[in-house]
Amino acid sequence: MPTIARGYAATDASKPLTPFTFERRDPNPDDVVISIKYSGICHTDIHQARNEWGNAVYPMVPGHEIAGIVTAVGSKVTKFKVGDHVGVGCFVDSCVGCATRDFDNEQYMPGLVFTYNGLEADGKTATQGGYSDSIVVKEGYVLAIPENLPLDASAPLLCAGVTLFSPLRHYNVGPGKKVAIIGMGGLGHLSVKIGSAMGADITVLSQTLSKKEDGLKLGAKEYYATSDASTFDKLAGAFDLIICTVSAEIDWNAYLGLLKINGTMVLLGIPEKAIPVHAFSLVPGRRSLAGSMIGSIKETQEMLDFCGKHGIVSEIEKIGIEQVNEAFERVLKSDVRYRFVIDMASIA
């Protein structure tokens, strides 16, 4: 029999999230049933719930930073057992319709099934996310959370963590590399923690110095205010890699000028308007402007194992589910240090 789940859902772009009861599918032999203990709030949840990307389907239960405990496993499941600490990230199936699954690049392949506001592989059953008390997920899309990491502060790793881990790994960040992080928010603070644990020399570029103490405490070597025009003169040609975690409009050409020869600037945030970049910001220094999106399941597990080894989790503010609408507004005001996490025990 299908499981009855309780959660909070968006029912319209202009309305607050409200309590919602729905059915989770009857588990298949390769499924894992998870009791959700914590769910992080990602800015994507707000974009989707408010139909800011124009693809919302209601009712919608957001949430793709899920941490919980296994309560049941199908007969063909071999990696997990009841009681395991596990996570679910941004997608619950991939490479649907492909001849083989692309384990390294599946997040970029056709057929990605998102954790919410999507359709299951059958093409008709709506997926619903982590702002709920349970979820049923295919074994191959469940992540093992290291036992030494607390579940609540691990939840944001399932999206924010892998979103920045992926480009840091792809561009071979390590000792001797100078890396700048634009923005000191939910993504930015984890960039500092993970990048510094990889051995890189991390600099934070933030609009003001209001979070400088935090940035240095979390592992940054330097911290500069971008509202000070002299910052761009001081740091010209300084960095091998720049990770942009913000979606705001910035002076792209000015930031590209901070790259060394052969340097790369990687976008994680998606600005509302097209990016105006002059060719002379790229050509003379053989610089690159690139993008990166979440990470594969394989990469996400590597990130979790890395965080377990180094004791890395998100800095969080824990809330009850009834505070979710207030939390959305606070995210928009950057009024959180550094990630909201919903305690799903509050659904009761």
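The values are calculated or read from the model by the stated rules, or taken from the named source; none is laboratory data. What you see is a predicted model, and the numbers here were worked out from it, not measured in a lab. All Cβ positions, even for glycine, are placed from backbone atoms using ideal geometry, and neighbour counts span all protein chains on display. Areas reflect the complete protein model, heavy atoms only, side chains present, ligands, DNA and RNA absent. Shrake-Rupley method; radii C 1.70, N 1.55, O 1.52, S 1.80 Å.
Points worth noting:
- Condition met for GLY295 (surrounded by 14 or more Cβ atoms within 10 Å (Cβ to Cβ) and farther than 23 Å from SER94 by Cα): no
- All of LEU268, LEU282, LEU289 fail the test of being under 21 Å from ASN105 (Cβ atoms), open to solvent by 20 Å² or more (accessible area, probe 1.4 Å) and either without any contact (Cβ under 8 Å) to a residue 60 or more places away in the chain or among the hydroxyl-bearing types (Ser, Thr, Tyr) (or both), apart from LEU289.
- Here the condition is being surrounded by fewer than 21 Cβ atoms within 10 Å (Cβ to Cβ), under 16 Å from GLY89 (Cβ atoms) and under 17 Å from the mean Cα position of the chain (by Cα); of LEU112, LEU149, it holds for LEU112 alone.
- Residue count for the stretch 14-25, restricted to those that are exposed (fewer than 14 other Cβ atoms within 10 Å of the Cβ), assigned to a strand (DSSP E or B) and touching a Lys or Arg at 6+ places or on another chain (Cβ under 9 Å): 2.
- Single condition GLU222 does not satisfy, out of (1) in contact with an Asp or Glu (Cβ under 9 Å, 6 or more places away or on another chain); (2) open to solvent by less than 20 Å² (accessible area, probe 1.4 Å): (2)
- Residue check, ALA121 of a type in the set (A, V, I, L, M, F, W, C), touching a strand residue (DSSP E or B) at 6+ places or on another chain (Cβ under 9 Å) and touching a residue at least 60 places away in the same chain (Cβ under 8 Å): no
- Strands (runs of 3 or more DSSP E) wholly inside the stretch 64-118 that include at least 2 residues being in contact (Cβ under 8 Å) with a residue 24 or more places away in the chain and of a type in the set (Val, Ile, Thr): 66-73, 85-88
- Scanning the stretch 26-40 for residues that are charged (D, E, K, R), in a strand (DSSP E or B) and under 13 Å from LYS79 (Cα atoms) gives a single hit, ASP31.
- Of all residues in the stretch 239-246, none satisfies being of a type outside the set (Lys, Arg), at negative phi and free of Cβ contacts under 8 Å to residues at least 24 places away in the same chain.
- In a residue-by-residue description of the stretch 247-254, the property of being in contact with a strand residue (DSSP E or B) (Cβ under 8 Å, 6 or more places away or on another chain) and open to solvent by 20 Å² or more (accessible area, probe 1.4 Å) applies to at least one position.
- The listed residues are GLY161, GLY129, GLY140, and the only one of them that is among the small types (Gly, Ala, Ser), outside any strand (DSSP E or B) and open to solvent by 10 Å² or more (accessible area, probe 1.4 Å) turns out to be GLY140.
- Qualifying residues in the stretch 29-62 (those that are surrounded by fewer than 15 Cβ atoms within 10 Å (Cβ to Cβ) and of a type in the set (Ser, Thr, Tyr)) - the one farthest from GLN128 (Cα to Cα): SER35
- For beta carbons closer than 7 Å, sequence separation of 6+ or different chains, a first residue in the stretch 125-143 that is closer than 18 Å to PHE80 by Cβ and a second that is small (Gly, Ala, Ser), the qualifying pairs are GLY130/SER39; GLY130/GLY63; SER134/ALA5; SER134/SER35; LEU143/GLY87; LEU143/GLY89.
- Failed item, numbered, when GLY123 is tested on (1) open to solvent by 30 Å² or more (accessible area, probe 1.4 Å); (2) over 26 Å from VAL246 (Cβ atoms); (3) in contact with an Asp or Glu (Cβ under 9 Å, 6 or more places away or on another chain): (3)
- Yes/no for GLU315 being more than 30 Å from PRO110 (Cβ to Cβ), modelled with pLDDT of 95 or more, over 16 Å from the mean Cα position of the chain (by Cα) and open to solvent by 30 Å² or more (accessible area, probe 1.4 Å): no
- When residues of the stretch 327-346 are limited to those that are over 15 Å from the mean Cα position of the chain (by Cα), surrounded by 14 or more Cβ atoms within 10 Å (Cβ to Cβ) and basic (Lys, Arg), the one farthest from SER154 (Cα to Cα): ARG330
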